[in-house]
Amino acid sequence: MSGIEKEATEYLWTDRKRTLFGLPWSFTKYSLTNERLFIESGFFNLKRDEVRLYRIMDISLSRTLGQRMLGLGTIHCSSGDRTLGDFDIKNIKNSKEVMEKLSELIEIERDRKRVSSREFLHDEHDDDDDIR
């Protein structure tokens with residue numbers, strides 16, 4: 001089995017975006033490996049986004065009253081990925097545990113790649129010539 005096939009089958013976490021009454025009747029799927037997070041959406045036209053974990057700079061959890069009643073939550077990810085940008089992992093079960101696991105894997109990947117969040121900070125208006 002090649003490395004690509006092997007990684008595709010070794011998901012640490014998978015879930016679907018939950019809808020009415022917390023049921024997984026959605027065409028949005030989330031998958032997590034040691035190195036990447038995948039977001040697949042659509043029915044007729046499929047779209048699959050991926051973000052390398054070391055590119056995620058910050059994560060936060062929000063849970064509305066309705067989400068708490070259904071045992072759901074939304075994880076907001078601030079990402080340095082140019083194509084995906086900031087994104088949400090919406091209406092998932094066990095959101096606190098998923099957030100903890102994701103945070104742990106992000107730190108492991110950053111250490112492994114020797115990446116710090118400073119590398120993602122870039123101010124386009126950093127020129128002193130613009131200040132008057």
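Of the conditions (1) at pLDDT below 95; (2) within 17 Å of Tyr11 (Cβ to Cβ); (3) not hydroxyl-bearing (Ser, Thr, Tyr), Gly80 satisfies every one except a single condition; which number is it?
Gly80 satisfies all of (1) at pLDDT below 95; (2) within 17 Å of Tyr11 (Cβ to Cβ); (3) not hydroxyl-bearing (Ser, Thr, Tyr) except (2).
Please enumerate the residues belonging to region 22-35 that are touching a Leu at 6+ places or on another chain (Cβ under 7 Å) and surrounded by fewer than 17 Cβ atoms within 10 Å (Cβ to Cβ).
Answer for region 22-35, where residues must be touching a Leu at 6+ places or on another chain (Cβ under 7 Å) and surrounded by fewer than 17 Cβ atoms within 10 Å (Cβ to Cβ): Gly22, Asn34, Glu35.
For the subset of region 83-115 comprising residues that are modelled with pLDDT of 95 or more and basic (Lys, Arg), which member is nearest to Leu53 (Cα to Cα)?
Here the answer is Lys101.
Residue under question is Gly42, and the condition is that it be exposed (fewer than 15 other Cβ atoms within 10 Å of the Cβ) and touching a strand residue (DSSP E or B) at 6+ places or on another chain (Cβ under 8 Å); does it hold?
It is false that Gly42 is exposed (fewer than 15 other Cβ atoms within 10 Å of the Cβ) and touching a strand residue (DSSP E or B) at 6+ places or on another chain (Cβ under 8 Å).
Select from region 64-101 the residues that are surrounded by 13 or more Cβ atoms within 10 Å (Cβ to Cβ), over 9 Å from the mean Cα position of the chain (by Cα), outside any strand (DSSP E or B) and not basic (Lys, Arg) and list them in ascending order.
Those that are surrounded by 13 or more Cβ atoms within 10 Å (Cβ to Cβ), over 9 Å from the mean Cα position of the chain (by Cα), outside any strand (DSSP E or B) and not basic (Lys, Arg): Gln67, Leu70, Gly71, Gly80, Asp81, Leu84, Asn94, Ser95, Val98, Met99, Glu100.
When residues of region 45-63 are filtered for being of a type in the set (Ser, Thr, Tyr) and surrounded by fewer than 16 Cβ atoms within 10 Å (Cβ to Cβ), how many remain?
2
How many residues are assigned to a helix (DSSP H, G or I), more than 17 Å from the chain's Cα centre (by Cα) and of a type outside the set (Ser, Thr, Tyr) if we restrict to region 5-63?
Counting residues in region 5-63 that are assigned to a helix (DSSP H, G or I), more than 17 Å from the chain's Cα centre (by Cα) and of a type outside the set (Ser, Thr, Tyr) gives 6.
Return the pair list, or none, for Cβ contacts closer than 6 Å from residues in region 68-91 that are under 20 Å from Gly22 (Cα atoms) to residues that are of a type in the set (S, T, N, Q), at least 6 apart or on different chains.
Close Cβ pairs satisfying both conditions: Leu72/Asn91; Gly73/Gln67; Gly73/Ser95; Thr74/Ser62; His76/Ser60; Asp88/Thr74; Lys90/Thr74.
The values are calculated or read from the model by the stated rules, or taken from the named source; none is laboratory data. It should be emphasised that the depicted structure is a prediction, and the values quoted were computed from it without experimental measurement. Cβ sites come from the backbone with ideal geometry, for glycine too, and all protein chains shown count toward neighbours.
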